[in-house]
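One structure is given here, and the rest of the page talks about it.
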Amino acid sequence: MSRIGKLPVAIPAGVEVKIEAGNVVAVKGPKGTLTRKMADDMNIAIEDGHVVVTRPNDLKRNKALHGLTRTLINNMVIGVTQGYEKVLEINGVGYRAAKSGKKLTLTLGYSHPVEMTDPEGIETVVEGTNKIIVKGIDKEKVGQFAAEIRTKRPPEPYKGKGIKYADEHIRRKVGKTGKK
């Protein structure tokens, strides 16, 4: 049995989970509604305040999908109750971020400012000039947009300049040394 897949997902108060035809799971909570189509092979049921995922047999594909399906449903429940956020930091002289409406403007040492628009269901907050917080209820979309922001100027190993995650550690390298 999958150690993660066999754990039931608790449904907190104020959260409504519906399983529709074709394994479409809809989770409605205080922060919003998320809908996702799960794998057809998995058996998803609601039993006394918990969502239980079972697999029909022990084929390798079904074993892989078992834990994944349970985790996706759990992420949806956490998303509609607490939400998700990723914190990005900008390091470098003259590097900064500014927000106006739904537009995030990044000054990253290029000849032009980099402008990004918040996707549907995602909100970015700029704290100071060098901290960006990406918030939303869909874990996948929050992580994807944070990764897209980071790709505009990934951190470099010599001076540590660029956009990095707040919990990311950059391996620093020693620069050139002069001849003797």
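With θ set to phi - 60° and the Karplus curve 6.51 cos²θ - 1.76 cosθ + 1.60, what are the ³J(HN,Hα) couplings of the range 69-79 in order, to the nearest whole Hz, using x for Gly and Pro?
4, 4, 5, 4, 5, 4, 5, 5, 5, 5, x
Once phi is turned into ³J(HN,Hα) by the Karplus curve 6.51 cos²θ - 1.76 cosθ + 1.60 with θ = phi - 60°, what whole-Hz value does each residue of the range 156-165 show in order, with x for glycine and proline?
Those phi angles translate into 9, x, 8, 10, x, 6, x, 9, 10, 6 Hz.
How large are Rg and Dmax for the chain when calculated on the C-alpha trace, in angstrom?
21.2, 76
What FRET efficiency would be calculated for the residue pair Glu123, Lys60, taking the C-beta separation as r and a Förster radius of 41 Å, to the nearest 0.05? Please list the in-between numbers first.
Values: r = 40 Å, r/R0 = 0.97.
Between Glu123 and Lys60 the formula returns 0.55.
Tell me, what HN-Hα J-couplings in whole Hz come from the Karplus equation 6.51 cos²θ - 1.76 cosθ + 1.60 at θ = phi - 60° for each residue of the range 136-148, using x for Gly and Pro?
x, 9, 9, 4, 5, 5, 4, x, 5, 5, 4, 5, 5
Could the peptides 72-84, 15-27 be put in order, highest first, of the mean number of other beta-carbon atoms found within 10 Å of their residues? Please list the in-between numbers first.
Values: 72-84: 19.8, 15-27: 14.5.
The peptides rank, most packed first, as 72-84, 15-27.
Contour minus end-to-end for Ile4 and Ile46, with contour as 0.36 nm per residue of separation and end-to-end as the Cα-Cα distance? List each step's numbers first, then the result.
Working: separation 42, 0.36 × 42 = 15.12 nm, distance 1.70 nm.
Separation in residues times 0.36 nm, less the Cα-Cα distance, equals 13.4 nm.
In whole Å, what is the distance between the alpha-carbon centres of the range 2-65 and the range 110-180?
Centre-to-centre (Cα) distance: 33 Å.
Where a number appears in this text, it was derived from the coordinates with a stated rule and is not lab data. Owing to the predicted nature of the structure, the values given are computational and were not obtained by experimental measurement. Cβ coordinates were reconstructed from backbone atoms using ideal geometry, including for glycine residues, and neighbour counts include every protein chain displayed.
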